[in-house]
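In what follows, a single structure is set out as structure tokens and then discussed.
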Amino acid sequence: MTTTFGRFVRTATAAALLSATMLSPALADTTLKFVSWQVDDAGTGDWWKAAIAAFEEANPGVKVEFTKVERAAYADTMTTLFAGGQPPHIVHLASFEFQSFAENGWMENLGPWLDKDGIDMTGWAGQGKCMWNGETACIMMNYFGFIMAYNKALLEQEGLSVPTTYAEFLEVARKTTKDFNGDGITDQYGTGHETKGGAGQYLTEMLSYILDAGAYWTDADGNVTIDTPQMVEGLTRWKTIVKEGLTPIDLSAGDIRKLFADGKIALRLDGPWLYGIMQNGAAAADTVVAEPAFTPPVGGSSNVLGMASEIPDGEKALVWDFIKLVMSPEWQRKYATIGKNTPPSPVADVSGVEQDVPHFPLLIKTMMAASDAGVDRIPTGLEIQYNEFGKMVQEEVQRMLIQDLDPAEVVKVMQERAEAIKNGG
């Protein structure tokens, strides 16, 4: 089914399908397929399993087959299943993957389902990123805001306060970068960023500096907005951090996080997952979580939940019941208490979660600040071409660093190349 024809059929028959499924009882002896990479994840996997158990209890005879596919093979596996006419009923995808599935007409438009049950999505963090071609292709299941972690002992040794602006951040990074024995090798770094891995992570590491300078890759309409004074400033900041040796070079994000956790880095900007690594580090007693010194904080959509468009109507009704369950205030609270994640629902009760995760209110605050600012790692208008776009940006930024180029010239090249990528050139 082509994208256009599939969308026409779904739109033309939406009311009839919903009317029919509203009157249909839950189908006995039905198995819903649910593929995910999070099956064995501590916290999140436990939450999914608990939600499945509750759903099965509420729907006797209905089973959810929860199957794991490794993250590295996930997109290819899901594409094969859909293309072969055997999609999972419950569709779980990374937020940077669903666009191509929606473009192929494989994702049910959830708008009519939301309308049928009168569900108001206002304030649901990151939900705007689930819109595709004017339809609600999915429900945002995880959207996070960055935190800033710091080593209080390293700052206290230099008489430094916790930075609250880029200028203060840069001062702290400079004063805590140390070569203790004068051998020309840095022993302690002011901050730490991955500069070795893939383009997606590389761009995410840069994004705090770019956003705080007032820049971004595209605007809300998907127009490329790289050639601006604000982007020049953002790239200048990134160049300063790297060229002055304030961050280690050629290390993975995992390596950087371990160095910070072990007391070799003073400041680290990262997602909520950094806290668990900090707790297991050699410097656990000295590492503290704080509000980022950058505004707005980096935010990111992580994973989404949807429904396969080409499954029987009765099964769609069951899938929708499952989606409604995990969206409910009760299960959004459990997303925090069991999964230790920030729930995207604006009405989820997260009181008491700070007993297990002391900085949980900060996680909610940065998530909402990033969501309110419309921040995401995936730029509007370049969703499907993001891999190609990311590689291009990484190439040009590394060329800027190696050849010591003026950021004002680099943004012109990036603007031209990004527009060519967007236009299929």
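What are the residues in segment 74-117 that are on the phi > 0 side of the Ramachandran plot and either basic (Lys, Arg) or open to solvent by less than 10 Å² (accessible area, probe 1.4 Å) (or both), if any?
Let us first name the residues in segment 74-117 that are on the phi > 0 side of the Ramachandran plot, namely 85, 105.
Matches in segment 74-117: Gly105 only.
Looking at (1) outside the structural domain of Glu97 (by TED's automatic domain parsing); (2) surrounded by fewer than 21 Cβ atoms within 10 Å (Cβ to Cβ), which is the one condition that is false for Pro292?
Here Pro292 clears every test but (2).
Looking at Lys340, Lys316, can you tell me which residue is touching a strand residue (DSSP E or B) at 6+ places or on another chain (Cβ under 8 Å), of a type in the set (Lys, Arg), over 27 Å from Val172 (Cα atoms) and buried (at least 19 other Cβ atoms within 10 Å of the Cβ)? First the steps, then the outcome.
On the way: Lys340 fails: touching a strand residue (DSSP E or B) at 6+ places or on another chain (Cβ under 8 Å).
So the residue among Lys340, Lys316 that is touching a strand residue (DSSP E or B) at 6+ places or on another chain (Cβ under 8 Å), of a type in the set (Lys, Arg), over 27 Å from Val172 (Cα atoms) and buried (at least 19 other Cβ atoms within 10 Å of the Cβ) is Lys316.
Could we say that Gly105 is among the small types (Gly, Ala, Ser) and either touching a residue at least 60 places away in the same chain (Cβ under 8 Å) or assigned to a strand (DSSP E or B) (or both) here? Working first, answer last.
Working: among the small types (Gly, Ala, Ser): yes; either touching a residue at least 60 places away in the same chain (Cβ under 8 Å) or assigned to a strand (DSSP E or B) (or both): yes.
So Gly105 passes the test.
Take the residues in segment 365-376 that are buried (at least 20 other Cβ atoms within 10 Å of the Cβ) and not small (Gly, Ala, Ser), then tell me which one is modelled with the highest pLDDT.
Thr366
Filter segment 112-134 for residues that are closer than 24 Å to Val375 by Cβ and in contact (Cβ under 8 Å) with a residue 24 or more places away in the chain and give the result.
Scanning segment 112-134 gives Thr122, Gly123, Trp124, Ala125, Gly126, Gln127, Gly128, Lys129, Cys130, Trp132, Asn133.
Return yes or no: is Gly134 on the phi > 0 side of the Ramachandran plot and assigned by TED's automatic domain parsing to the domain that holds Ala283?
Details: on the phi > 0 side of the Ramachandran plot: yes; assigned by TED's automatic domain parsing to the domain that holds Ala283: no.
So Gly134 does not fit the description; no.
The values are calculated or read from the model by the stated rules, or taken from the named source; none is laboratory data. None of the values given here were measured: they were computed from a predicted structure. We place every Cβ from the backbone using ideal geometry, glycine too, and count neighbours over all the protein chains shown. For the accessible areas, the whole protein counts, side chains as well, though only heavy atoms, and no ligand, DNA or RNA atoms are used. Shrake-Rupley method; radii C 1.70, N 1.55, O 1.52, S 1.80 Å.
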